[in-house]
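Read through the structure below, which is laid out as structure tokens, and then see the notes.
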Amino acid sequence: MPEFQTSPGMRDILPPESGRWRRFVGIFSDAVTAAGYGQIIPPLLEDVGVFHRVGEATDVVTKEMYDFVDKGDRHIALRPEQTASVCRAFVQHSPATPWKVWYAGPNFRYERPQRGRFRQFDQVGIEVLGVEDPYVDIEVIALAWDFLAKLGLLQISLHLNSLGEPSDRERYMQALKDYFSNNLEHLSQASQATLTKNPLRVLDSKRPEDQQIIDGAPRISQFYSAEAKAHFDTVQVGLRELGIAFVINEKLVRGLDYYRHTTFEFVGGTMDSAQNALGGGGRYDGLVEALGGPATAGVGFAIGLDRTLLACDDEGVFLPVPDDVSVFVVDITGGRQAMLITHELRSAGISADRAYQGRSIKSQMKSADRSGAVLAIIIGSDEVDSSTAIIRPLRSDQEQYTVSRKDLLPTITKALS
Ligand code: AMP
């Protein structure tokens, strides 16, 4: 075994898998850019306080953060998610609203690594700041839904809930606290500890021993104000009008504390229940304020790349494909011709590769085959002397043919079109 390997829960993404990652982000960015979202690239590191404000009672913040004191004595953390960074940026730069942004990139959480759960994982996501309109909730959900469909995923269900207005949520929290406190002996140790911090988050427990007591808990829908109900009704009607199927899941409180009104999760049909959420999000009308900004509505989602690609593998869709080149140059005169021709082709926007170190024609032809190229250009000393080149089609029965060197580029361009 080599001396150095990736740390637990961290992976090298190699070709062709890395090409699939790039296409994933490309499809996502095309879709959200076309809907008026601009890209934000926040730093990987933030003041640890940014995340503490966000989720004081969450495992993500209390147990799983990669935080440390830097050489300037600042307590900082590798971001465990990006919504907090987006809100911090909003407070810092005061952009005009609605502020519609998208992001892509890695996050870090010190979790127990397993299938679909890593310590470094990538997310794509969007956030809309400054609009309370329920039609934004619908837009955000629809963009995520259409994106997952574009990947070809069929076994996805959308779970939907509303946490109501902050005051509804307060009353609900009190009712939950009373209920769980009266049933304390039936709760796992971990959930008893969670209860003292945030009773809502007990509903998030995936521990089997908690399930019966959770199933009997009061339901948030019993606590909605008229306004909260109207907001949620609009979201549901809109999703139905767009043909987006959903199930109401009143246990869906999401991991972080700042959600209000709509919450949602996209659940994959092929994975273990502890890792089957491919993405999720919701409305977090209190977060910007918690970070020192003006009262600002917010809604967004994050989709996990690693886990969504596992779901793609399971469903046999959006599979990795090698990044083939179009042309492979075989030069048996030492390599200078290959240098000139690949440069000419690449400058004209034609993907081209070559062999090195003056290999035999047989070995170069093998590399040409492996490259996935459609055409090989073959240069021997005869071709150099007569200023010609041989073009050999690699993916058809067509015979090879010779062209003059000056006609090479137009002939290749035509052959590939
Ligand atoms: P969250 O930010 O916790 O709401 O997670 C949103 C999405 O990010 C999840 O649905 C997963 O797809 C992905 N995700 C979160 N944590 C991890 C992890 N440790 N490993 C891989 N993916 C993750």
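Nonpolar atom fraction for the chain, defined as the carbon and sulfur part of the 1.4 Å probe accessible area, stands at 51 percent.
Once the Cα atoms are used to define both axes, helix 336-347 deviates from the longest principal axis of the chain by about 50 degrees. Taking the charge dipole of region 327-416 about its Cα centre, with +1 at Lys and Arg Cβ atoms and -1 at Asp and Glu Cβ atoms, the residue from THR413, GLN364, ALA389 reaching farthest to the positive side is GLN364.
Return the whole-Å distance between the Cα centroid of region 60-134 and the Cα centroid of region 291-321. Their Cα centres are 13 Å away from one another. Helix 166-182 versus the longest principal axis of the chain: what is the Cα-based angle in degrees, 0 to 90, to the nearest 10? Roughly 70 degrees between the two axes. Each residue of region 11-23 is assigned a 3J(HN,Hα), and the resulting list reads 9, 8, 9, 9, x, x, 4, 5, x, 5, 4, 5, 5 Hz, derived from the Karplus form 6.51 cos²θ - 1.76 cosθ + 1.60 (θ = phi - 60°), x at Gly and Pro. Using the Karplus relation 6.51 cos²θ - 1.76 cosθ + 1.60 with θ = phi - 60°, the per-residue 3J(HN,Hα) values for region 292-298 come to x, x, x, 3, 9, 6, x Hz, with x marking Gly and Pro. Of the beta bridges in the chain, as assigned by DSSP with both residues counted there, near 80 percent are antiparallel. Accessible surface area normalised per residue over region 258-415 is 45 Å², counting heavy atoms of protein chains with a 1.4 Å rolling probe.
HIS52 sits with roughly 70 Å² accessible to a 1.4 Å probe, with DNA, RNA and ligands left out of the calculation.
Once you treat every alpha carbon in the chain as an equal point and sum by Debye, what is log10 I(q)/I(0) at q = 0.07 Å⁻¹? The Debye formula, applied to the Cα set alone, gives -0.46. Of the residues ARG171, ARG119, ranked by 1.4 Å probe accessible area with the largest first, the sequence reads ARG171, ARG119.
Which pairs break 29 Å Cα to Cα here: LYS197/LYS229; LYS362/LYS406; LYS150/LYS197; LYS63/LYS150; LYS366/LYS414? Mind showing how you got there, number by number?
Numbers: LYS197/LYS229 27 Å; LYS362/LYS406 26 Å; LYS150/LYS197 40 Å; LYS63/LYS150 35 Å; LYS366/LYS414 25 Å.
Beyond 29 Å between Cα atoms: LYS150/LYS197; LYS63/LYS150.
Regarding region 327-416, what is the average projected area of its C-alpha convex hull, in nm²?
Values: hull surface 20.6 nm².
Averaged projected hull area, Cα only: 5.1 nm².
Against the main long axis of the alpha-carbon atoms of the chain, helix 226-241 sits at an angle near 30°. Modelled label positions at MET173 and ALA245, each set 7 Å beyond Cα in the direction of Cβ, lie 3.6 nm from each other.
Counting only DSSP beta bridges whose two residues both lie in region 327-416, roughly 50 percent are antiparallel. How far is the Cα center of region 212-283 from the Cα center of region 167-194, in Å? Taking the Cα centre of region 167-194 as reference, the centre of region 212-283 is 19 Å away.
With a Förster radius of 60 Å applied to the beta-carbon distance between ALA415 and GLU185, the computed FRET efficiency rounds to 0.20.
With n ≥ 4 as the cut-off for DSSP H runs, can you work out [θ] at 222 nm for the chain, using -39500 (n - 2.57) per run divided by the number of residues, rounded to the nearest 500? Walk me through the numbers before you get to the answer.
Details: 15 runs with 155 residues, N = 417.
Helix contribution divided over all residues of the chain: -11000 deg cm²/dmol.
The values are calculated or read from the model by the stated rules, or taken from the named source; none is laboratory data. Everything numeric in this text was worked out from a predicted model, so none of it was measured. Because the Cβ atoms are built from the backbone with ideal geometry, glycine has one as well, and the counts that use them run over all protein chains shown. To get the accessible areas, we keep the full protein, side chains included, count just its heavy atoms, and leave off ligands, DNA and RNA. Shrake-Rupley method; radii C 1.70, N 1.55, O 1.52, S 1.80 Å.
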